[in-house]
Amino acid sequence: MPDEVLSAMHRQPIDIYKGPLLEVTERCFDGLRKVFRTSGRPYFYAANGHGAWEAALSNSLSKGDKILILESGLFATSWGDMAKMMGIEVEVLAGDWRRAVDPARVEERLSQDKAGEIKAVLVVQVDTASGVVNDIPAIRKAIDAAGHNALFMVDTIASLGTMPFDMDDWGVDLAVTGSQKGLMSPPGLSFVAAGDRALAAHQSANLRTAYWDWTFRDGAVHYQKFCGTPPEHLMFGLEKAFELLFEEGLEAVFERHRLLAEAVRRAVTVWGEGGALELNIVAPGERSNSVTAIRMLDGRDPEPLLKFCDQKCGVVLGIGIGALSGQAFRIAHMGHINAPMILGVLSVIETGLVALDIPHRPGGVRAAVEWLGQELQG
Ligand SMILES: Cc1ncc(COP(=O)(O)O)c(C=O)c1O
């Protein structure tokens, strides 16, 4: 989180019914429309990303509806688990934790659904556990090629603000995101953007409940937008975060993420030549610019390296989660990151590899430096 975001929250609460807070709310809604690139309707929840998941499902689906989950890691299937608990029938198009969703398989499955039983297709743009990035426009094309009418719902929690997302242009009907990643704000806010088809589905959805309900939140009173007291301080932070993102320019923000993510990948690739670790995602074009998952090979436990980085150097790396639990670690490179942070993290990891005598080819940091040096020439 930028210091400016932290500072923006350091103030007394203000009137929640009238006055300046109404403008803060409008600026946050504007910011959301800009990052989602949509003229659809954004909704604001005082909740983490799981809250936005429930909001998306409950507002657009009915008990017994069937949905298709496109697996490429942990998070789409977890969204599906939540749907199951809500009485939705869930089919998982099983995927590979090392590959992106294959659009041809989506087209194939949807083409078989002649009766149109599948009401929605759910996918994540970036899966934070596997580190994969899915090709959202290609999946949209696959749905269209199958002539299928399902709603297309995309989780952008780990991708929005780190890479392009174009909700309207890409034909996404509903998108969800959270405050704590690319949006550089504290955890605790999440958002749904609903396009026309999702809003139409909402009219007959019977899973609606009071807190998440879009109809109530569309009411004329400001208070209704939050179904209660607005999370003011988180909004002060978010407003500032949007200001910083737009000042830098979204294209420049995406480019910063691309450069730094590739620096990480170059370093890991060099270390991996020593035989003890490798990038989880196999195909270079499917590796996300938000997070990189690194597998340890030959049953090696990543814990000593994580412990070294944390306790000796004050760098907290992500643990492996889901199917990669105990077998991998992750480097986050999303949000308010810059070259000194990433080069610092890579240097700490390389120091750990040396200190713990983990086989690796030296020079990972050098490879990252060379990449950045070449890209930033002139
Ligand atoms: C892609 C993705 N979806 C959903 C979630 C869940 O969000 P939260 O932990 O804020 O509930 C996460 C969290 O890391 C995520 O990365």
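Taking +1 at the Cβ of each Lys and Arg and -1 at the Cβ of each Asp and Glu, which of 36, 57, 242 sits farthest along the dipole of the range 3-248 towards its positive end, judged by Cα position relative to the Cα centre?
57
Looking at the chain, how many pairs of lysines come closer than 18 Å at the Cα, when each pair is eight or more places apart or spans two chains?
Lysine pairs, 8 or more places apart or on different chains, close enough: 12.
Please give, to one decimal in nm, the separation of the simple spin-label points placed at residue 273 and residue 96, each 7 Å out from Cα toward the Cβ.
2.5
At 0.890 mPa s and 25 °C, plugging the Kirkwood radius over alpha-carbon pairs of the range 3-248 into Stokes-Einstein gives what diffusion coefficient in µm²/s?
It diffuses with D of about 135 µm²/s by this estimate.
Restricting to Cα pairs below 8 Å that are 6+ residues apart, what does the relative contact order work out to for the range 250-375? Please round to a whole percent. It would help to have the intermediate numbers written out before the result.
Numbers: 197 pairs, mean separation 43.9, N = 126.
That works out to 35 percent.
Putting +1 on Lys and Arg Cβ atoms and -1 on Asp and Glu Cβ atoms, find which of 344, 6, 137 reaches farthest to the positive end of the dipole of the chain.
6
Could you order the peptides 35-45, 121-131 from most to least packed, using the average number of other C-beta atoms within 10 Å per residue?
Numbers: 35-45: 21.4, 121-131: 28.7.
The packing order, highest mean first, is 121-131, 35-45.
What is the dipole size for the range 250-375, taken about its Cα centre, with +1 at each Lys and Arg Cβ and -1 at each Asp and Glu Cβ, in debye to the nearest 20? Write down the numbers at each step before the final one.
Numbers: 12 positive and 14 negative charges, 20 e Å.
For the range 250-375, the charge dipole is close to 100 debye.
Run lengths n ≥ 4 of DSSP H only: what is the helix-derived mean residue ellipticity at 222 nm for the chain, with -39500 (n - 2.57) per run over all residues, to the nearest 500?
Theoretical 222 nm ellipticity from helices: -13000 deg cm²/dmol.
Rounded to the nearest 20 debye, what is the charge dipole size of the chain about its Cα centre when +1 sits on each Lys and Arg Cβ and -1 on each Asp and Glu Cβ? Provide the component values of the computation, followed by the final result.
Details: 36 positive and 48 negative charges, 65 e Å.
Its charge dipole is roughly 320 debye.
For the pair residue 354 and residue 283, how long in nm is the line joining their label points, each one 7 Å along Cα→Cβ?
Computed distance between label sites residue 354 and residue 283 equals 3.8 nm.
Quick check for me: using +1 on Lys/Arg Cβ and -1 on Asp/Glu Cβ, what's the dipole size of the range 3-117 about its Cα centre, in debye to the nearest 20?
200
Could you work out the equivalent-ellipsoid semi-axes for the range 223-280, taking the square root of 5 times each eigenvalue of the Cα gyration tensor, largest first, in whole Å?
On the way: eigenvalues 311, 57, 12 Å².
So the equivalent ellipsoid measures 39, 17, 8 Å along its semi-axes.
Mind jotting down the distance between the C-alpha centroids of the range 124-199 and the range 259-328, whole Å?
With the range 259-328 and the range 124-199 each reduced to a Cα centre, they are spaced 25 Å.
All of the numbers you see were taken from the coordinates with simple rules; none came from a lab. Fair warning: this is a prediction, and the values are worked out from it, not measured in the lab. In this analysis, Cβ positions are derived from the backbone assuming ideal geometry, glycine residues included, and neighbour counts consider all displayed protein chains.
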